[in-house]
Amino acid sequence: MNKDKCFQLGYISKVHGLHGEVTVVLDVDYPDAYEGLEHVFIEQKSRLVPFFIEYFEVQPSQKVLAKFEEYDSMDDAEKLVGSQLYLPLTALEELGDDQYYFHELVGYEVEDEKLGVIGTVSFIYDLQTQDLLGVDHKGKEVLIPIQDGIIQKVDKTAKKVYSLLPEGFLEIYLED
């Protein structure tokens, strides 16, 4: 499986119990949609390898209790801690016209209401505290928060992100 055709579902945070179970932290809006998964891909030595799942149960904490086939001890499970889980992009559900997945925005042009065209989205930074668009502007990377008030609208047909940057925001990136 090619990593470019996948999305990161989450990661294995710790071992849970003595029989190979692990705790998975999901990086998705609707964890319940992934209840009962049968397989995932885990990155190992820069390759995505399929792992088959005995059970994948979403807990009230929004974390997942999971058990992978052939991982039957605490020592086996320990080898997986820190691993990232992936699924093919085809596993994502279709969204409405006014909804989008962050990864879809790469390549979109960012146009500000007052400043005009800022540049093209080259990267999405998915941070714990805030998600950011990495936009190439005049050879420099500008980090634009993905939040209401700054991102006004996304037009998937035109491949544009419309923004309203705070006064002086762009100038911070242009200073030497």
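The values are calculated or read from the model by the stated rules, or taken from the named source; none is laboratory data. All values reported here derive from a predicted model rather than from experimental measurement. FYI the Cβ positions are ideal-geometry reconstructions off the backbone, even for glycines, and counts take in every protein chain you see.
Residues checked against (1) in contact (Cβ under 8 Å) with a residue 40 or more places away in the chain; (2) more than 17 Å from Asp126 (Cβ to Cβ); (3) surrounded by 12 or more Cβ atoms within 10 Å (Cβ to Cβ):
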| site | (1), (2), (3) |
| --- | --- |
| Asn2 | yes, yes, no |
| Leu9 | yes, no, yes |
| Val28 | no, no, yes |
| Gly36 | no, yes, no |
| Tyr55 | no, yes, yes |
| Leu87 | yes, no, yes |
| Tyr101 | yes, no, yes |
**OP:** Check Glu175 against each of (1) touching a Phe, Trp or Tyr at 6+ places or on another chain (Cβ under 6 Å); (2) loosely packed, with under 11 Cβ neighbours inside 10 Å and name the one condition it does not meet.
**Re:** (1)
Original post:
Which residues, taken from segment 11-26, are without any contact (Cβ under 8 Å) to a residue 60 or more places away in the chain, in a strand (DSSP E or B), over 16 Å from Leu87 (Cβ atoms) and of a type outside the set (Ser, Thr, Tyr)?
Top reply: Glu21, Val22
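Given the criteria within 21 Å of Asp126 (Cβ to Cβ), in a strand (DSSP E or B) and either of a type outside the set (Ser, Thr, Tyr) or modelled with pLDDT under 95 (or both), does Gly82 qualify? Reasoning before the result, please.
Numbers: within 21 Å of Asp126 (Cβ to Cβ): yes; in a strand (DSSP E or B): no; either of a type outside the set (Ser, Thr, Tyr) or modelled with pLDDT under 95 (or both): yes.
So Gly82 fails the test.
For segment 78-132, give me each residue that is polar (S, T, N, Q), within 30 Å of Lys67 (Cβ to Cβ) and touching a strand residue (DSSP E or B) at 6+ places or on another chain (Cβ under 9 Å). Please lay out each step first, then the result.
First pass over segment 78-132, keeping only residues polar (S, T, N, Q): 83-84, 90, 99, 120, 122, 128-130.
Pick out the ones that are also within 30 Å of Lys67 (Cβ to Cβ) and you get 83-84, 90, 128.
Those that are polar (S, T, N, Q), within 30 Å of Lys67 (Cβ to Cβ) and touching a strand residue (DSSP E or B) at 6+ places or on another chain (Cβ under 9 Å): Ser83, Gln84.
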Original post:
Of the residues that make up segment 136-145, is at least one in contact with a helix residue (DSSP H, G or I) (Cβ under 9 Å, 6 or more places away or on another chain) and among the acidic types (Asp, Glu)?
Top reply: yes
